[in-house]
Structure formats: structure tokens, C-alpha cells
Amino acid sequence: YKKRATFAVGRVSRDLGKESSIGAIYTDEEFAGGWNRIGGFDFNARINDKWTAFGQFVESSTRGTVDSGNPPTYAAGPASYLEFARSGHAFNLDTLYNDISTRFQSQVGFISTSNIRNNQTHVNYQWFPKHSLLQSFGLEGNETFAFDHQGNRVYRYLSGDPFFLLPRHIVIAPIISI
């Protein structure tokens, strides 16, 4: 009661050529003698007309409030995100890797859980027949899996499907999950 939190957020970014950039971020939340500070850098790299890479690497430092115990708790840890995307006419791919260490904390939000390493991939290939009612057809696949930092599997999902695109944006895609 009658305690105020202080929030500070700073970000700088620099464009590097066409559709590429590098940046740095720092956040600081302070309340009742404790803090949560996060700093790091990120990038967006347009490799060519089809490939793009994205990444973010941060570190957190968190000290609990005076109400969290004596002495106050302390935790620090890294988190990272790396994504590669290919956007083409027939072949598309998006794969990302996310690693949030056991002791990474973000008290200002946007982190659903820590102690996790996960990968997600979506891939599809499609054909475009000429002079047909069928506008395109193809195959797509998705995979998502995660492990904690002790090596235990948290989840794993695999799915795939053939798809058919008809006029008026009608899509038929029977999904097969494993």
C-alpha cells in the first residue's frame, strides 16, 4: 500500500541496408526494493529476396522485494529467439527456436513460461495448374516440440495435410496429426 513502481524502457534501432536492422533494448521495473532488469539485442536480416532471419538475445536480472524474504531472492538468466523464414511462390518455410532459461524472469509480461526450449516449423510446397478449376494444390507440414533444461520432453506435435485451393478462397485440407 502506498508504494509506487517505476518502469523504464529504452530501445535503439539502426537500419542496415534494405529491410535489415539491429537494435538494443533495456527494461527496468523497480518496486519495494526489488527490481527486474532485462537487456539485450535483436536483429532482422533480409538475406535475399526469399530468405529472412530474425533474432533476439536478452538477459534478465531480478531481485525480489523486501516482502519476498530475507535476504530478498535473486535470479538471473538468458533467453533467446531465432527464426528463419523463406517466402517463395511454391516453397515456403518458417522455423523458429526459442530458449528461455530456468532463471530468466520478466515481470513486465510477455513470457508465458521459463525453463523451456522449443522449436516450431511450418513448411509447404504448392503447385499451380494451368487451365483448371483447381487454383493450387500442395502439401504442408507442421511440427512443434519442447524440452525443459533438464532434457525432459514437455510436448511434441506433428501434423501434415494435402491442401486444395478452389475459387472463392475455398480450401480443402484434411489434417493428419501424429
Quick test of your reading of the structure: ILE175 fulfils all but one of (1) among the aliphatic types (A, V, I, L, M); (2) in contact with a Phe, Trp or Tyr (Cβ under 9 Å, 6 or more places away or on another chain); (3) more than 30 Å from PHE43 (Cα to Cα). Name the failing condition by number. (2)
Which residue, of SER61, SER106, is in a loop (DSSP other than H, G, I, E, B) and surrounded by 16 or more Cβ atoms within 10 Å (Cβ to Cβ)? SER106
Would you check if there is a residue in segment 43-54 being in a strand (DSSP E or B), touching an Asp or Glu at 6+ places or on another chain (Cβ under 9 Å) and without any contact (Cβ under 8 Å) to a residue 24 or more places away in the chain? no
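In segment 137-168, how many are of a type in the set (S, T, N, Q) and over 18 Å from the mean Cα position of the chain (by Cα)? Give the derivation first.
From segment 137-168, those of a type in the set (S, T, N, Q) are 142, 144, 150, 152, 159; that's our starting set.
Then drop every residue that is not over 18 Å from the mean Cα position of the chain (by Cα), which leaves 150, 152, 159.
Looking only at that region, the number is 3.
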Looking for whichever is surrounded by fewer than 16 Cβ atoms within 10 Å (Cβ to Cβ) and touching a residue at least 24 places away in the same chain (Cβ under 8 Å) here; the options are ALA5, ALA79. Which one fits? ALA5
Counting only residues that are open to solvent by 90 Å² or more (accessible area, probe 1.4 Å) and part of a strand (DSSP E or B), segment 126-145 contains a total of 2
The one condition in (1) open to solvent by 30 Å² or more (accessible area, probe 1.4 Å); (2) under 30 Å from ASN142 (Cβ atoms) that ALA24 fails to fulfil: (2)
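Scanning segment 16-59 for residues that are in contact with a Pro (Cβ under 8 Å, 6 or more places away or on another chain) and not aliphatic (A, V, I, L, M), which turns out farthest from PHE84 (Cα to Cα)?
Top of the filtered list is GLY33.
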Name the one entry in ASP148, ASP161 that is among the charged types (D, E, K, R) and crowded, with 16+ Cβ neighbours inside 10 Å. ASP161
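It is to be established whether one or more residues within segment 80-97 are of a type in the set (Gly, Ala, Ser), outside any strand (DSSP E or B) and more than 29 Å from VAL12 (Cβ to Cβ).
The answer is yes, given that some residue of segment 80-97 is of a type in the set (Gly, Ala, Ser), outside any strand (DSSP E or B) and more than 29 Å from VAL12 (Cβ to Cβ).
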Kindly evaluate SER112 against the criterion of being under 30 Å from GLY40 (Cβ atoms) and open to solvent by 80 Å² or more (accessible area, probe 1.4 Å). yes
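The values are calculated or read from the model by the stated rules, or taken from the named source; none is laboratory data. Just so it is clear, the model here is predicted, and its values are computed rather than measured. Cβ atoms come from the backbone with ideal geometry, glycine included; neighbour counts cover every protein chain shown. In case anyone asks, the SASA skips ligands and DNA or RNA and just uses the protein heavy atoms, side chains included. Shrake-Rupley method; radii C 1.70, N 1.55, O 1.52, S 1.80 Å.
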